[in-house]
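See below for the structure under consideration.
The values are calculated or read from the model by the stated rules, or taken from the named source; none is laboratory data. These figures come from a predicted structure and were not determined experimentally. Don't worry about glycine lacking a Cβ; one is built from the backbone with ideal geometry, like all the others, and counts go over all protein chains shown. Note: accessible area is taken over every heavy atom of the protein model, side chains too, but ligands, DNA and RNA are not part of it. Shrake-Rupley method; radii C 1.70, N 1.55, O 1.52, S 1.80 Å.
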Amino acid sequence: ATDDETDLEPPRSADRAPKPTRRIERVVVRELRTLSRTRTFVLLGAAFAAVLLGIAWVGGGVGAGYVPTIVDLLTPLELLVPIVAVAFGYRAILGDRRRGELDVLETYPIAPREHVIGVFVGRAVGLLGTVAASLLLVGGAVVVGREEPFSRYASHAGADSPLLFARFVVLTALFALSILAVAIAISALVSGTRSALALSVVALVVVLVGLDLALVYGLAGGYLGESSLVYALAASPLSAYRGLVFETVVITAAGTGPQTASPVASLIGLAVWTIGSLAVATAAMNR
């Protein structure tokens with residue numbers, strides 16, 4: 001994706017410097033303006049929504065209900081959400097560096113962490129808008145296209161409730177934010193578009209495959225016990241997301257099933273990935 005250039009307000013004197021929240025707000029507004037001017041993100045969002053609708057429709061989840069739709073979408077989202085999140089974030093700070101805006105920002109009363117937070121929040125608004133809107137569109141399709149009569153559906157709301165689908169949307173959003181933070185960290189570490197793409201691909205492979213394989217190897221080699229595996233899954237953002245969906249959505253709807261993950265550990269894992277990646281981005285900007 002190609003970001004358009006954005007205007008910067010002139011610096012103020014030290015005694016008139018805006019508050020940190022105001023400085024972060026300006027960066028957020030700048031990022032939102034950049035996203036709105038970049039057609040690539042609009043096309044990406046439309047394609048993402050179309051793919052999810054197609055999968056839900058072809059898989060039969062739209063006619064079966066919310067939880068069957070979630071099961072149909074879970075595996076594709078494990079691949080698509082990281083790709084979309086990386087597309088939103090891999091050039092976020094790199095674009096500022098290549099346009100010389102980071103050099104200009106050194107003359108402004110804004111700290112690197114404020115710049116990183118502003119970039120993250122601005123990009124997160126665009127990313128969450130894409131992810132949430134697409135999933136809500138699928139949820140609307142389930143309301144219209146379900147084959148089960150409404151009265152019967154209502155009597156079984158605990159087994160297939162729209163609240164479970166809403167929970168699924170929230171968990172997917174948290175997963176997307178963690179990958180976005182990783183992408184922003186990559187954007188702050190690299191100095192060129194090619195290296196950003198290469199490192200983003202490596203990060204995707206590690207997140208989508210590498211960490212899961214490491215957990216499988218640890219279990220097969222006896223380094224991880226079955227009792228500790230549910231907590232170790234939190235080390236991978238993908239496994240943490242998958243475990244949260246199974247534990248708090250799928251198994252909740254089924255009413256019974258083996259424990260697949262620790263929800264608390266998984267939430268902590270996603271938070272660590274998000275905050276840790278933003279800390280790496282801030283440290284890279286302080287170099």
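Rounded to the nearest 10 square angstrom, L229 shows an accessible area of 40 square angstrom against a 1.4 Å probe. Stretching the chain fully between R37 and R22 yields a gain of 3.1 nm (0.36 nm per residue, less the alpha carbon separation).
Maximal additional length on extending the A279-A47 stretch stands at 80.3 nm, based on 0.36 nm per residue less the C-alpha distance. Of the peptides 197-208, 180-191, 79-90, the order by per-residue mean of other Cβ atoms within 10 Å, starting with the highest, comes out as 180-191, 79-90, 197-208. Binning the C-alpha pair distances of the range 169-238 at 5 Å intervals from 0 yields a P(r) profile of 3, 15, 20, 19, 16, 14, 9, 3, 1 %, listed from the shortest bin outward.
Computed from phi, the 3J(HN,Hα) profile of the range 32-45 under the Karplus parametrisation 6.51, -1.76, 1.60 (θ = phi - 60°) reads 5, 5, 5, 4, 5, 8, 9, 5, 4, 5, 5, 5, 4, x Hz, with x in place of Gly and Pro.
Applied to the range 186-200, the Karplus parametrisation 6.51 cos²θ - 1.76 cosθ + 1.60 on θ = phi - 60° returns per-residue 3J(HN,Hα) values of 4, 4, 7, 7, 8, 10, x, 5, 5, 5, 5, 5, 4, 5, 5 Hz, with x for Gly and Pro.
Restricting the calculation to Cα atoms, the range 195-287 shows an Rg/Rh of 1.06 when the hydrodynamic-style radius is the Kirkwood one.
With q set to 0.13, 0.20, 0.22, 0.27 Å⁻¹, the log10 of I(q)/I(0) for the range 31-91, from the Debye formula over equal scatterers at the Cα positions, is -0.42, -0.78, -0.86, -1.07.
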